[in-house]
């Protein structure tokens, strides 16, 4: 065991949910230990916001702030509030024992409680040109980036055929000159209400049976080469923005199915709570939220997890004291 002492709380994650949990548990004098990971899920410590250039919708920054700087500030605040941070990736956990055991490449750590805040990674298509134009025209979050100046009054493209794709296309229609929705089949998977919204929006055009083949441009994205998968015809569509809306993958592999998840892999928690099916284990942020997926909602649920963990530990120590008293009374 790397540390023979038992931690009060271990936090796994490095985004807004994790650091908010660290701030609150730190201020509660629980001395949280946070594992921020080392390129966990293919993303640097700080989570998805480290891949976002400008954040304009996080409260307190009227002039906006870059994603990496926002995460640097959150990390600094966690440390100032008493959190200890290790830049190691949690490889697995054992939730069948008490205290829980957390395993990294360098050792094992035990803890009375655990906060899972590992987020979800946006699915990409690995298109030719994707790496060159990522955050230079290509994004996986319309709500995060769609209002940026580079997209305003410009032709935009969304890839996907579900509710998320339709919602993002509708959102982007407020900012772009036109929005083209690329759907690889001849039907939408979205709900009837969402279909009605995009089909009746004059700024949205749907290209059926169409797939993106390549992102093209110069210093920034200027277009997308697409192919009709029935006819084989190709064309280059002018676009200053390409938005993926093909889903997210929750980062839960290290849990090894020890917590219940829904059909798409998101950790299931109690209603209006971050409590999981295992007492003492809490999940917050995008690892459990497939609806909102915003920095501010993640931070809010990180606060919830911290408060619930604190209450759990108070109750746990009370039970432990009662048990000790009972044992001593019998001897």
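The values are calculated or read from the model by the stated rules, or taken from the named source; none is laboratory data. As the structure is a prediction and not an experimental result, all values here were calculated from the model. Positions of Cβ are generated from backbone atoms using ideal geometry, with glycine treated the same way; all protein chains shown enter the neighbour counts.
To keep it simple, each residue is scored yes or no on (1) part of a loop (DSSP other than H, G, I, E, B); (2) within 25 Å of residue 254 (Cα to Cα); (3) not assigned by TED's automatic domain parsing to the domain that holds residue 56.
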{"site": "74", "(1), (2), (3)": "no, yes, no"}
{"site": "103", "(1), (2), (3)": "no, yes, no"}
{"site": "106", "(1), (2), (3)": "yes, yes, no"}
{"site": "110", "(1), (2), (3)": "no, yes, no"}
{"site": "150", "(1), (2), (3)": "no, no, yes"}
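Give region 136-145 a look and list any residue that's assigned to a loop (DSSP other than H, G, I, E, B) and crowded, with 22+ Cβ neighbours inside 10 Å, or say none.
Those that are assigned to a loop (DSSP other than H, G, I, E, B) and crowded, with 22+ Cβ neighbours inside 10 Å: 137, 140.
Name every residue in region 183-202 that is surrounded by 14 or more Cβ atoms within 10 Å (Cβ to Cβ) and out of contact with any helix residue (DSSP H, G or I) (no Cβ under 9 Å at 6 or more places or on another chain), in order of residue number.
Passing the criteria: only 184.
Filter region 15-52 for residues that are in a helix (DSSP H, G or I), under 12 Å from the mean Cα position of the chain (by Cα) and modelled with pLDDT of 80 or more and give the result.
Of everything in region 15-52, those that are in a helix (DSSP H, G or I), under 12 Å from the mean Cα position of the chain (by Cα) and modelled with pLDDT of 80 or more turn out to be 16, 17, 18, 47, 48, 49, 50.
Here's the yes/no breakdown for (1) buried (at least 16 other Cβ atoms within 10 Å of the Cβ); (2) more than 22 Å from residue 292 (Cα to Cα):
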position	(1), (2)
218	no, yes
240	yes, yes
243	yes, no
250	yes, no
254	yes, yes
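Of the residues that sit in region 230-283 and are on the phi > 0 side of the Ramachandran plot and within 18 Å of the chain's Cα centre (by Cα), which one is modelled with the highest pLDDT?
265
Could you say which residue among 68, 62 is over 16 Å from residue 293 (Cα atoms), out of contact with any strand residue (DSSP E or B) (no Cβ under 7 Å at 6 or more places or on another chain) and part of a loop (DSSP other than H, G, I, E, B)?
62
Looking at (1) modelled with pLDDT of 95 or more; (2) surrounded by fewer than 19 Cβ atoms within 10 Å (Cβ to Cβ); (3) not in a strand (DSSP E or B), which is the one condition that is false for residue 227?
Only one criterion is unmet by residue 227, namely (3).
On the given criteria, is residue 121 buried (at least 18 other Cβ atoms within 10 Å of the Cβ) and modelled with pLDDT under 95?
yes
For region 294-301, check the following and say yes or no: at least one residue is part of a loop (DSSP other than H, G, I, E, B), modelled with pLDDT of 95 or more and more than 19 Å from residue 25 (Cβ to Cβ).
no
Go through region 57-73 and count every residue that is over 16 Å from residue 144 (Cβ atoms) and surrounded by 16 or more Cβ atoms within 10 Å (Cβ to Cβ).
Going through region 57-73 one residue at a time, the tally reaches 0.
In region 141-163, what residues are over 22 Å from residue 220 (Cα atoms) and out of contact with any strand residue (DSSP E or B) (no Cβ under 9 Å at 6 or more places or on another chain)?
Across region 141-163, the qualifying residues are 162, 163.
Closer than 17 Å to residue 302 by Cα, in contact with a strand residue (DSSP E or B) (Cβ under 9 Å, 6 or more places away or on another chain), part of a helix (DSSP H, G or I) and in the same structural domain as residue 289 (by TED's automatic domain parsing) - does that describe any residue in region 79-89?
Within region 79-89, one or more residues are closer than 17 Å to residue 302 by Cα, in contact with a strand residue (DSSP E or B) (Cβ under 9 Å, 6 or more places away or on another chain), part of a helix (DSSP H, G or I) and in the same structural domain as residue 289 (by TED's automatic domain parsing).
Can you confirm whether residue 170 is in a helix (DSSP H, G or I) and either touching a helix residue (DSSP H, G or I) at 6+ places or on another chain (Cβ under 9 Å) or under 20 Å from residue 207 (Cβ atoms) (or both)?
yes
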